[in-house]
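Taking it in order: structure first as structure tokens, then the write-up.
The values are calculated or read from the model by the stated rules, or taken from the named source; none is laboratory data. Here the structure is a predicted model, which is why all the values come from computation and not from measurement. In this analysis, Cβ positions are derived from the backbone assuming ideal geometry, glycine residues included, and neighbour counts consider all displayed protein chains. Remember, those area values only see protein heavy atoms, side chains included, never the ligands or the DNA or RNA. Shrake-Rupley method; radii C 1.70, N 1.55, O 1.52, S 1.80 Å.
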Amino acid sequence: MSVAANSKPLDAAKTHPVTESIRTEVLIIGAGLAGLSTALALPKSLNIIVLSKADLQACSSHYAQGGIAASLAADDSVNDHVQDTLIAGAGLCAPEHTASILKSGKQAVQWLCEQGVPFTQVANPSDNDHINADVNINANTSAAAHLQPNLTTDSLHLTQEGGHGCRRVAHADDATGRHIMEALTAQAHAACNITILPFHEALQLLTDKGSKGGNRCQGAIVFNHNHQRQQTIESQAGVMASGGLGQLFARASAPNVCVGDGVMMAWQAGCRLANLEFVQFHPTGLALGESSFLISEALRGEGGRLYCPITGQRFMLAVDKRAELAPRDIVARAIAEQIANNGLGYVHLDVSHLPAPFLRAHFPQIYQTLLALGIDITTDPIPVAPTAHYSCGGIVTCDQGLSDVPGLYAAGEVAHTGLHGANRLASNSLLECIVVGHKIAKHLPRYLTDHNWSTPTVDNLQPILLSEDITFHQSTDTDIDIDANSDIDTDAIAASLKTLMTTHMGIVRHAKSLERALSQLQQWQQLLKAFSTNDISHLQSQGSLRACLEDTEHASKTLLHFKLARQLQLATLIVQSALQRHESRGGHYRQDYPTLATKPLVSVISPCISERPLRFEITNKIKNIELFEENLTHSEPLSALAPI
């Protein structure tokens, strides 16, 4: 049955096919784990709309393989989990927020059990350390068929991943994300107060002055891809759970929808952004053609080894005492160095020394996927290379998900809670989605009643100065002469942007390379401005702009330009942040600044608030779009940035 059929209608007026405005109490942008966890934890009395830019599988949560980290074993503790997280975060975790989130780990996993997630179980918990443990594998089964109200965290099989000092990761075979999302989606469909709208893309947040001053989130402008029309969804509170920005890179594990638009919507609405330069690269993406398939870190947790394909040498032993179980930034850099030396584009991950029945039982998805590609992991090495995987920075929030804009919460990869620091500890992300989602669900009803809001604080911050030569406002002058009848290949620029970010914002960075990236980004932004200014003038010369934009083909093109411009803005913010961090820390490595700075500082970008809102007037077709450059307003310059 379709999502629309499973979703509950708001009311007769709200579900009319040509309705342009919808009212709800809570709007959640993003239908991944953070979004659905929040929706399901909110009171049943609240009317909730959950938006998905595409279908419900188009989220990073669905593709998470390894599992969810929590202190569940008898020989583990919350304090040990916190310490491992702080070490991986390389001095940039917020200790109080980290402890607050991680101490709720056991409750979060138990909640998932109650939602019907078919976690892999072990007959005897004391066997968790042994490869030959008697486990119950739930591969290729529907989560709905595994509603086990008596399932507890004591019976779960735990695996170990990089950076963890012990077995701490609960999992559902090697497709944990898929099983979790199937279970939560089923629960959301069954909830009478939750409406899920797939193929509804949020374009801009709606804000207004509150009685206590400041912008308050009051919903969003949304494009309905099903009917090719715009909708205004008004809400009393909003939750940004839109995921990350991995698709700004050429090799990425994230679905195509993850381009960082949630970060930009929040920034333009008045939120600060933090630590955008810390993009984590998963060490072991499958290096076979254009594949974006990940090889779970759990393979290394169970004994997988990394080898040079040419010499056969196991190289991690010489890099870190934790070898293949070092944090991801260390393993990814080591692999990148090997690839630079061997020229093959990959290294080998080998698990063939492990028992074949164990591999087939514990990693059924990886085994079957690679077998279909001609690789039998029980006998053959796996070609792997780092791939863009997770944004450790994002919208500044507290551990309860509150942002700088009253009424706007953020959870999941889009948010910067301070948990991940300079490098995310493996499998902490799923935990964060659930815990922060539940904290939001606890705070939000109180906010609807009293409108009290506490702006998040950031300790030891370093403001990022946006260079004046990277313009974020409409300019009437341009150095590029574009004929009024010319066109811009947005797809080509978007593809080139991925290459640029991979080349200059990859695992290893340098000032000269970053400056070249900024120069290219500026040229593309100027190109878009020049084209759009001339294009709009050309249309206006023919008559009403509204009438001209009734042409669906032209309207679609204008939307593509708007979204590309936003990606270029975000890329500029990321590169600026990387250029101004004069050190190497966690996932940010500078060849020209290879050592740690004395004091760890959090990069913070001040809010960008548009002078004029982006306005759409659309019925069945797009009728009018304000020129998007008017929203590319600049952030007020801050004091000069001293070297970190």
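Semi-axes of the equivalent ellipsoid for region 232-355, computed as √(5λ) from the eigenvalues of its C-alpha gyration tensor and ordered from largest down, come to 36, 15, 14 Å. Shape analysis of region 379-424 yields a ratio of the Cα radius of gyration to the Kirkwood radius, Rg/Rh, of 1.26. Backbone amide hydrogens, once placed in the peptide plane, bring Tyr589 within less than 5 Å of Arg509, excluding anything fewer than 5 places away on its chain. Reported to the nearest whole Å, the Cα centre-to-centre distance from region 88-108 to region 269-288 is 19.
Placing dummy labels 7 Å off each Cα toward the beta-carbon, the span from Asn256 to Phe293 is 2.0 nm. Diffusion of region 308-390 by Stokes-Einstein, at 20 °C in a medium of 1.002 mPa s and with Rh set to the Kirkwood radius over alpha-carbon pairs, works out to 155 µm²/s.
Between Ile310 and Asn342, the distance separating the two model label sites (each 7 Å from Cα on the Cα→Cβ line) works out to 1.0 nm.
For the cross-link pairs Lys103/Lys321; Lys103/Lys599; Lys321/Lys599; Lys53/Lys563; Lys498/Lys563, the ones whose C-alpha atoms lie over 20 Å apart are Lys103/Lys321; Lys103/Lys599; Lys321/Lys599.
Using only alpha-carbon positions in region 264-331, the gyration tensor eigenvalues give semi-axes of 33, 16, 11 Å once each is multiplied by 5 and square-rooted (largest first). Using alpha-carbon positions, what is the distance between the centroids of region 187-246 and region 364-397, in Å? Rounded to whole Å, the Cα centres lie 32 Å apart. One chain, two ends: Asp487 and Lys321. Fully extended at 0.36 nm per residue, the span grows by 54.2 nm beyond their Cα-Cα distance.
For Glu234, the accessible surface of its heavy atoms amounts to roughly 60 Å² (probe 1.4 Å, protein chains only, rounded to the nearest 10).
Each residue of region 459-465 was assigned a 3J(HN,Hα) from its phi angle through the Karplus curve 6.51 cos²θ - 1.76 cosθ + 1.60 (θ = phi - 60°); the sequence is 8, 6, 9, 10, x, 8, 8 Hz, with glycine and proline shown as x.
Per-residue SASA remark: His225, around 60 Å² accessible (1.4 Å probe; ligands, DNA and RNA not included).
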